[in-house]
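Below you'll find the structure, written out as structure tokens, and then a few comments.
The values are calculated or read from the model by the stated rules, or taken from the named source; none is laboratory data. Every value quoted in this text rests on a predicted model; they were computed, and no experiment measured them. Using ideal geometry, Cβ is built from the backbone for each residue, glycine included, and neighbour counts are taken over all protein chains shown.
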């Protein structure tokens, strides 16, 4: 994996954390400069990027993430941010192998490592606060408004990257009940069966983007 983070202490801490958990850190960077070429040369399975890095400290990490996903769609990319900035994630969350977490999640070590491993394997990991902000900005209208409150809860946990068993544990439901909720919300959102698309991610994106089409 590659870590790009301008704060030296956090960068070194992340590298040590992943190394201690048995992961190989092939490079650490203080900016996103040259990261596309570095990824081409080293072929990591995961790149962890701070959203704001030198020189402007605005969206260098998010811009690099878009370039990396365009070059290597299979690459796991995990963005870290100090604050909720949904504009930097809206066009990336539809991609398999993408995550967006707030930096304070690093303190929850086991969950953070699990999220990073999930992204590296092609899954998703969205911070609950990011999801909440996206839902608040979503607006109304469209098939997503047909979802029940429980189906919205299930969908939010899907966005975090939890599988049915994980959702069942979090909501204290049986896996069969969760499976039924997932089936119902997929139908309501018009997400059909497919062997090639990430249906769970598509469901999340369909919900977050519904109600914006007329804006």
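Values computed for the structure shown
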quantity	calculated
Selection count, region 36-63, where residues are under 17 Å from residue 81 (Cβ atoms), free of Cβ contacts under 8 Å to residues at least 60 places away in the same chain and within 22 Å of the chain's Cα centre (by Cα)	13
Residue count for region 85-100, restricted to those that are within 20 Å of residue 162 (Cβ to Cβ) and at pLDDT 75 or above	8
Residues being part of a loop (DSSP other than H, G, I, E, B) and within 15 Å of residue 119 (Cβ to Cβ) - total across region 1-50	5
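Residue-by-condition table, conditions (1) in contact (Cβ under 8 Å) with a residue 12 or more places away in the chain; (2) outside the structural domain of residue 44 (by TED's automatic domain parsing):
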{"position": "104", "(1), (2)": "no, no"}
{"position": "116", "(1), (2)": "yes, no"}
{"position": "122", "(1), (2)": "yes, no"}
{"position": "133", "(1), (2)": "yes, yes"}
{"position": "149", "(1), (2)": "no, yes"}
{"position": "154", "(1), (2)": "yes, yes"}
{"position": "160", "(1), (2)": "yes, yes"}
{"position": "174", "(1), (2)": "no, yes"}
{"position": "184", "(1), (2)": "yes, yes"}
